[in-house]
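Asks: Okay, handing you the structure first.
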Amino acid sequence: MDKKNAPIAITVSEALNKMERYCAYQERCHKEVMSKLSGMRLIPEAKEQIILHLLEHNFLNEERFAKSFARGKFRIKKWGKQRIVRELKFRNISTYNIKTALKEIPESSYLETFHELADKKYASLTEKDRYKKKKKLIDYLVYRGWENQLVFDKINDLNL
């Protein structure tokens with residue numbers, strides 16, 4: 001192997017500093033941290049040592065990550081609970097932490113956001129065929145993770 005393609009040796013303390021900055025920048029889950037550490041080509045013992053350090057010094061906290069993720073995706077991307085749960089499960093977050101995270105979303109603002117999003121999308125649809133318009137609205141809301149019952153109740157309210 002020539003010098004250009006040789007892996008750059010990184011010490012455990014350098015990796016630890018990088019991971020502290022990585023976790024301090026924004027909330028991270030264990031899966032993201034493990035993925036980042038895998039890219040550093042460290043021995044398993046070093047990875048374990050770094051993870052333990054991050055947990056002990058509160059750089060890595062799965063519950064805090066889940067809460068922050070749920071609040072952010074709901075508030076900014078207007079995701080429904082089903083999409084949030086699916087994404088958290090993909091990141092290997094425990095069921096307990098997922099339930100705790102969903103409590104961060106007040107029911108009143110959840111429903112208010114849903115109705116605003118549905119009304120806005122309905123108004124923006126230019127489809128003339130009412131069945132196609134109905135399908136587009138349903139697909140949009142379900143993809144964003146809103147519960148089927150909420151979606152179909154809204155469709156009935158709009159008389160589609």
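Each reported figure results from applying straightforward, stated rules to the coordinates on display, with no laboratory input. Owing to the predicted nature of the structure, the values given are computational and were not obtained by experimental measurement. Virtual Cβ from ideal backbone geometry, glycine too; neighbours counted across all protein chains shown.
Asks: From the helices alone, meaning DSSP H stretches of at least four residues, give me the mean residue ellipticity at 222 nm for the chain, per-run term -39500 (n - 2.57), in deg cm²/dmol to the nearest 500. Intermediate results must be reported in sequence, preceding the final value.
Replies: On the way: 9 runs with 111 residues, N = 160.
Helices in the chain give a 222 nm mean residue ellipticity of -21500 deg cm²/dmol.
Asks: Let me ask something else. Among TYR131, HIS57, THR95, whose Cα lies farthest out toward the positive end of the dipole of the range 13-160, if unit charges sit on the beta carbon of Lys, Arg (+1) and Asp, Glu (-1)?
Replies: After comparing all options, I get TYR131.
Asks: Separate question: What does a probe at GLU63 reach in the range 93-124, counting residues whose amide N is under 20 Å from the point 7 Å along Cα→Cβ?
Replies: Within reach of a label on GLU63, which here means backbone N under 20 Å from a point 7 Å along Cα→Cβ, the range 93-124 contributes 93-106.
Asks: Let me ask something else about it. Among PHE65, PHE59, which comes first, then next, by fewest other beta-carbon atoms within 10 Å?
Replies: PHE59, PHE65
Asks: LYS128 to ARG86: extension gain in nm, 0.36 nm per residue of separation minus the Cα-Cα distance?
Replies: Length gained, LYS128 through ARG86: 11.8 nm.
Asks: Near LYS89, which lysines are there with a Cα under 22 Å away, not counting those fewer than 8 places off in the same chain?
Replies: Output for LYS89: LYS31, LYS36, LYS67, LYS73, LYS77, LYS78, LYS81, LYS99, LYS103.
Asks: Once you charge only the Cβ atoms, +1 for Lys and Arg and -1 for Asp and Glu, what is the size of the charge dipole of the range 16-160 about its Cα centre, to the nearest 20 debye?
Replies: On the way: 32 positive and 20 negative charges, 132 e Å.
Dipole size: approximately 640 debye.
Asks: Moving on to the next point. Using 0.36 nm per residue of separation minus the Cα-Cα distance, give me the extension gain between THR11 and GLU116 in nm, one decimal.
Replies: Gain on stretching THR11 to GLU116: 32.7 nm.
Asks: So, one more: Can you list residues from other chains, or at least 5 along the same chain, whose modelled amide H is less than 5 Å from the amide H of GLY80?
Replies: GLY145, TRP146
Asks: R0 = 45 Å: FRET efficiency of PHE152 with LYS18, Cβ-based, nearest 0.05? Write out the running numbers ahead of the final one.
Replies: Details: r = 48 Å, r/R0 = 1.07.
The formula returns an efficiency of 0.40 here.
Asks: Taking K and R as +1 and D and E as -1, what net charge do the other residues with C-beta under 12 Å from the C-beta of LEU158 add up to?
Replies: Every neighbour counted, the sum reads +2.
Asks: Give me the angle, in degrees from 0 to 90, between the Cα long axis of helix 130-143 and the longest principal axis of the Cα atoms of the chain, rounded to the nearest 10.
Replies: 30
Asks: Tell me, what ³J(HN,Hα) does each residue in the range 101-107 have, in order and in whole Hz, if you take phi through Karplus 6.51 cos²θ - 1.76 cosθ + 1.60 with θ = phi - 60° and put x for Gly and Pro?
Replies: 5, 5, 5, 6, 9, x, 4
Asks: Can you classify the chain as rounded, prolate or oblate using the Cα gyration tensor, where a ≥ b ≥ c are the square roots of its eigenvalues, rounded means a/c under 1.5, and otherwise it's prolate if a/b beats b/c and oblate if not?
Replies: Values: a/c = 3.81, a/b = 2.29, b/c = 1.67.
Verdict is prolate for the chain.
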